[in-house]
Structures are given as structure tokens and as C-alpha cells.
């Protein structure tokens, strides 16, 4: 599928900085790696890096650009531990020949969205599902019921129950407090 440019010059600068820093520290570019202003302003080639050292900015940072780093591991447990070893957790993907096993792995990942055998756009376009990160990723939730709830304010409405109606609010506050306390002590013996 076709791909457009990044959202801003700042984002292009961040993408270039992450690639340049990683390569300077020993990473190898398997594909891409270059800004392409001839295609569009702020366009950067989709880039695949390998041999990325832990001290590279991209190793623990969020690029928000077409950049994938490959980190070889020996087992699924090692892959899960490596993926969860970050302060960020916006999105993760599991590519697997067995969808059930992929979902089991996905449940172990500490990310706000996990895609199994699909890319981020599939989950993002699912408007009924909540979207957002964990850790220091994201800014809360969007989409779905959870996304709508952030625009609401919870409210507690307290109404006198039948038992409290029996207390009948007297004119003196001390007497009311005594009756209310007695009624609340009795409430634990009632079947409702």
C-alpha cells in the first residue's frame, strides 16, 4: 500500500535523528533509511534496522514514523520480556502462524493496543475498541465506550432509603445524628 509523509518537519527530524543515532552506534539499515523530499515534504522511506544497540535512542524511544527495529530473541518468553522492558506501551504486534497462540502472546504484552498478524491501522480503525497506551505512552483512551467516558464526570447521588425515612429528620442536628447513627447500625441486620 502507498504511504504518505510524516505529519510535520519536527517528526521528520525525529525520524532522521533516530536512524542516524542508531547507525552511528552500530545498527545496520536493512531497508530505507533516507528522507525523500523529492516524493513529498517530510517524507521518509520506511526503514528497517537491525543490530540496534541498547544505548541507541530508538531502542527505548517512540519514533512515530515508518521505522521498525528487529531484535532477535531465542524464545517467546524472551520476546515478551524484551517487549515489556520499556516505560512505553502504545502499540505492539505479534506475527504468528497460529492466531490462537498469537492472542495468548498478545495478552502478555504491556501495550494499550496489540495487533495479531496485522498492523496498527487495523486496531486504530476499530472505532468501538478503546485505544491508548500504558506507561508513559499516549494521553489516555480514545475510541469506544472508554474513550467517551473521559469526557464525562462521575457523580454520586445519595437518596434516603426506606430505613432513613423512618428516622424523620428532627430540627436539632445532634438528635438527627444520633438517630441516623442508630439507623445505620441497624441496617446491617436488614436483608437488603
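The values are calculated or read from the model by the stated rules, or taken from the named source; none is laboratory data. The structure presented is a predicted model; accordingly, all values stated were derived computationally and were not measured. No Cβ is skipped: glycine too gets one built from the backbone with ideal geometry, and neighbour counts run over all protein chains shown.
Brief remarks on what is shown
- Lone unmet requirement of (1) farther than 24 Å from residue 73 by Cα; (2) in contact with a helix residue (DSSP H, G or I) (Cβ under 7 Å, 6 or more places away or on another chain) for residue 49: (1)
- Residue in the range 133-142 that is touching a strand residue (DSSP E or B) at 6+ places or on another chain (Cβ under 8 Å) and modelled with pLDDT under 70 present: yes
- When restricted to residues that are touching a helix residue (DSSP H, G or I) at 6+ places or on another chain (Cβ under 8 Å), at pLDDT below 95 and closer than 11 Å to residue 106 by Cβ, the range 73-94 contains 3.
- Condition check for residue 6: touching a residue at least 40 places away in the same chain (Cβ under 8 Å) and assigned to a strand (DSSP E or B): no
- Subset tally (residues that are touching a strand residue (DSSP E or B) at 6+ places or on another chain (Cβ under 9 Å) and more than 27 Å from residue 11 (Cα to Cα)) for the range 61-78: 1
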